[in-house]
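Data block below; observations after.
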Amino acid sequence: YDAFNFEWIVERSAPNDWHIDAHRHDALLQFLYIRGGGGQVLIENSMIDLVPPCVIMLPAQTVHGFNFAPNVDGLV
């Protein structure tokens, strides 16, 4: 079990046409740092614009999904 995972958003979202379906993680706290581009994040039932620079914290068991702009620059 890895206690820490790091990945660039473009690595996961580009192959999925910049979309990550709504999902949740039972025991994972997630931080995203968006430093360029943008998009939208779904948190529970609210769609929120990602306006860089910004940091998003998603507690475990929070339903979330993403629509990223193709020029997004950031990490999870």
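The values are calculated or read from the model by the stated rules, or taken from the named source; none is laboratory data. This one's a predicted model, so the numbers in the text were calculated from it and none came from an experiment. Neighbour counts run over all protein chains shown; Cβ positions are idealised from the backbone, glycine included.
Data for the structure
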{"quantity": "Selection from the stretch 27-58 of residues that are of a type in the set (Ser, Thr, Tyr) and over 20 Å from Ala14 (Cβ atoms)", "calculated": "Ser46"}
{"quantity": "Per-region count, the stretch 14-36, residues surrounded by 12 or more Cβ atoms within 10 Å (Cβ to Cβ), under 17 Å from Pro52 (Cα atoms) and in contact with a Pro (Cβ under 9 Å, 6 or more places away or on another chain)", "calculated": "4"}
{"quantity": "Some residue of the stretch 14-32 being in a strand (DSSP E or B), over 12 Å from the mean Cα position of the chain (by Cα) and either modelled with pLDDT of 95 or more or not small (Gly, Ala, Ser) (or both)", "calculated": "no"}
{"quantity": "Any hit, the stretch 62-74, residues being under 11 Å from the mean Cα position of the chain (by Cα) and aliphatic (A, V, I, L, M)", "calculated": "yes"}
{"quantity": "Restricting the stretch 37-47 to residues that are under 12 Å from the mean Cα position of the chain (by Cα) and within 17 Å of Ala60 (Cβ to Cβ), the residue that is surrounded by the most Cβ atoms within 10 Å (Cβ to Cβ)", "calculated": "Val41"}
{"quantity": "Residues (polar (S, T, N, Q) and under 14 Å from Ile20 (Cα atoms)) located in the stretch 37-72", "calculated": "Gln40, Asn67"}
